[in-house]
Structure formats: C-alpha cells, structure tokens
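Scroll down for the structure; my scribbles are underneath it.
The values are calculated or read from the model by the stated rules, or taken from the named source; none is laboratory data. Note that the structure is predicted; figures quoted are calculated from it, not measured. Neighbour counts are summed over all protein chains in view; Cβ atoms, including those assigned to glycine, are modelled from backbone coordinates with ideal geometry. Surface accessibility is based on the protein's heavy atoms, side chains included, excluding ligands, DNA and RNA. Shrake-Rupley method; radii C 1.70, N 1.55, O 1.52, S 1.80 Å.
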Amino acid sequence: MPRGPHDAELPTLAAATAALSVGAAAPEGGGITRDFEEAGSEGQTAGELYQRWERYRRECQETLEAMEPPAGVTGVEDSGHGLACNGSFDMYVCWDYTAPNATARASCPWYLPWHRQVAAGFVLRQCGGDGQWGPWRDHSQCENPEKNGAFQDQRLILERLQVVYTVGYSLSFATLLFALLILSFFRRLRCTRNYIHINLFTSFMLRATAILTRDRLLPPTGPYPGDQAPLLWNQALAACRTAQVMTQYCVGANYMWLLVEGIYLHSLLVLVGGSEEGHFRCYMLVGWGAPALFVIPWVIVRYLYENTQCWERNDIKAIWWIIRTPILLTILINFIIFIRILGILVSKVRTRQMRCPDYRLRLARSTLTLVPLLGVHEVVFAPVTEEQARGTLRLAKLGFEIFLSSFQGFLVSILYCFINKEVQSEIRRGWHRCRLRHSLGGEEPRQPRERAFPTLSSGSGPGQVVAGRALCSRALPGNGDEASRVLESYC
C-alpha cells in the first residue's frame, strides 16, 4: 500500500500489507520450523512437538497408500481434465490427490500446539494444469492466533490508511481540476506566478492519478490459478511496473514544482531579477525534465539488479537512494528557502508593528499558508529512513506523510485559488459581466480600458505576498524598496 504510503520514499500501502502477509503465503515446508520455535508458548517441548509431527506424517503416508490414486497420477489423462496433482506430505500438512486447475484445501494439522484455536481453519494450495503443485501455500488460517493478532492489527491500520489517502487524492484531484480551469479561463489571471501554479496543480493531479492507478494494478498476493497463470502474471506485471515507473516520475515532478514555487518566491523577495520569460523556460525544464534524470537511471538499475515483483518493495536500499536522494535535496532546499522567507517576513513585519497591531497573527497565518506550497511538512520525518522506522514509529511516519501528502493538493488549491482575492475578484467580475450581458439582451457591455496587470488587494495567503505588480510585472524586484512593497500586503 501508500508509496502513497509516502509515495516517493515508501512502498505502497498495498505492498506494505503484502509484506506483512509473507508469513501467510510461505513456500513449501516453511511452516514447521516456526512451529518448533513457538512450541514452548503452548506448554510443549520441541521433542513433544516433533513426536506429534512424526505421528501425523506417518498417518498421512498410510492414508495416501490406502487410497487409489486417480488415473491422471499414473500418466493417463483424467477425463480430459489433465494430470492430477499427487497426494503428498509437504512437511506441514497432508495433501490429497487434487484435480488440475483447482485449489486444494486441507484442515489445519492437528500436531500444532494451538490446533484447538484453529481447528476450523484450512490450508490452501494451487494445483496447476500440468499436474504439478504450485510453489506457494496459504496457511494463514492456521497461524498462531497470539502472533496473528498483532499482524491483523497492523494490516487493519494499513488498510484504513489506504482508504484515507484514496479519499485524499480523489478530493485533491477534483479541487485541483476545478482550480486549474479557473486559472486557465480568466485572462487577467495569466502571469508567471499563476503559470507556475498551473504546472504545480497539474503535477499534483498526475501524482494522484498515478498512485491510485498503481494501487489498482498491483497484483494480489498468493497463487494464480491454472495454465493461464504465467500469461496473466506477465501481463499484470508489465502493467504494474509501468504504473510504478510513471508514479515515480509524477511524484518526482511534483517535488520539483514545489521547488520551483520556492525558488520563484525567493527570487521575488531576494534576488535581482531579469526576464521572467527566460526564467519560466528554466522552471519548465526543472519541473518536467529534472525527474527524468533520476527516474531513468533508477529504472535501468532496478531492471538489472532488482527485477522482482512489481518493483514496489525496496530490498536493495542503495538502488532506492537513486530516487530518495534528489527528493530529499528538494525538501532540504525548500526548507532553507522557507526559513529565509520567514526571516524576511519577521524583519519587515517588526518594523511595521506600530501600524499593524496584530502582526503576530498575520505572521503566523502567512507562515502556515507557506507550508503546503513549499512542502515544509516533509521535513518532520525526512531524516527517518525505512530501516529506522519500526513499529509505532513506522505507523506514525506513514500516517503523518500519507494524510498530509494526499490532502496537500486540496490545501494548495484552496489557499492559492479559491480563497485568493485576485481569483475571487475575477470570478465576481465575470459573473457581473454575464448578468449585465444578459440584461442587455446579449449585447457586449462597453467597459473602460483596464491595466493589464492590476494591483491586487491583500489576501489571506502568501500568494498575496507577491501579489499585484510584483507578481505580474516583467522585472523581478530586488533587495530594496521593491521587496518591501512585496511584503507590504502582510499588514
């Protein structure tokens, strides 16, 4: 499950659930060792358990010898159904002869110390069309209930987190799409700042789409039935890996556009500017081109050295750092930019506190609205790697990152579109224009010529920090009075 899941740094929640299920779908002969190790928990010694297991094995062999095997087992086609799987004892449970392309079911073995608690359970195993047993066995119903309880609790938490981020990404996608249409529709909103917002919104939408699609394509754990298993598995694997690659690219592009937002805001407040058109071309290159510089090498190395499953698990950590390193760098750079901007805000607002009695409230509000735009919340658990995150810490990290990452697009669309006073003013102007046109019978009303880049009133978010002439003008402000005017709207 969320890689979600924190998308670019953790496996998906579906993958995490699958990882928890490894013990529930073990290879042949993999259960008896754990049974011996846990015998003491039920008051039995390893010797007593071995004696019970040996008696169970002998009874299984006697039962199978007494049975007449189907014709398919002796090499004859069984009524057109193919060769039957041979009855056998796989060191864990006794299997009867099974028809091809069928799922065999055996009761939990009675030698287990906790058999009374799992007597109603079954072990499942797949018989292929070629008359051979599949490599996997599902004995989850026969696991030690004491041990299985903690597993089920974690699985339940992960499934709930998956529901949370599914709702979050779906809600974010809907609001971002609406915000994207608004910013694209009104001509007076077309300036470099909003062009960057549009690309950021698009990256959030692609990220949500890629993650939700990947979760749908992630193959379930367990055996695949019949002769179609290899073909279906290969097709599902190809689609799932493609979705995984697209997810890594979209998540990387999203982080790059968050970095572009930080760089642009920093350039408005600190740097001496130049041509915004030239800068915007660089922003486009960074936002959409930079992710390919680390995603493509990751795909190549992953294919060569860790070409397993759907690429959703990262057993070789060195390969995963190809993706993780540039994302951590973007988080670090944006955090430094955030601290720098915060220092500028504090210094400017303090010099005006006599004219702005509630400057502390305004400063806090402005700071909080910068957090989702720059992704500052990522800093909280960024130093904690997957190797360090275990138990409660891991669940806390997953919950924190999944919730904020999935709803981040929703927050950004609200703060920088729907409650932005510039956008609200344009929507009201467009609504009044439509009503006036309707009252005049469809005739276009004559309006006085307006400035191409009007000065905007202050608003509730940092979009207003760089509003008006400072945002939509051709030249970027420097360190002097222009930067002061950019920050003026905070008061």
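Numbers below:
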| read-out | value |
| --- | --- |
| Some residue of the range 316-327 being open to solvent by 10 Å² or more (accessible area, probe 1.4 Å) and assigned to a loop (DSSP other than H, G, I, E, B) | yes |
| Some residue of the range 369-383 being closer than 19 Å to L180 by Cα, open to solvent by 60 Å² or more (accessible area, probe 1.4 Å) and modelled with pLDDT of 75 or more | no |
| Complete set of residues in the range 299-315 that are part of a loop (DSSP other than H, G, I, E, B) and modelled with pLDDT of 85 or more | E306, N307, W311 |
| Count of the range 112-165 residues which are surrounded by fewer than 16 Cβ atoms within 10 Å (Cβ to Cβ), touching a Ser or Thr at 6+ places or on another chain (Cβ under 9 Å), modelled with pLDDT of 80 or more and part of a helix (DSSP H, G or I) | 1 |
| Test: L171 is open to solvent by 40 Å² or more (accessible area, probe 1.4 Å) and modelled with pLDDT of 90 or more | yes |
| Tabulated pairs, the range 289-303, first assigned by the TED database to the domain that holds V251 and over 14 Å from R313 (Cα atoms), second exposed (fewer than 12 other Cβ atoms within 10 Å of the Cβ) and not aromatic (F, W, Y), C-beta under 9 angstrom, 6+ apart or interchain | F294/T325; V301/A318 |
| Answer residue from the range 49-85, given it is buried (at least 18 other Cβ atoms within 10 Å of the Cβ), at negative phi and in a loop (DSSP other than H, G, I, E, B) and is modelled with the lowest pLDDT among those | P70 |
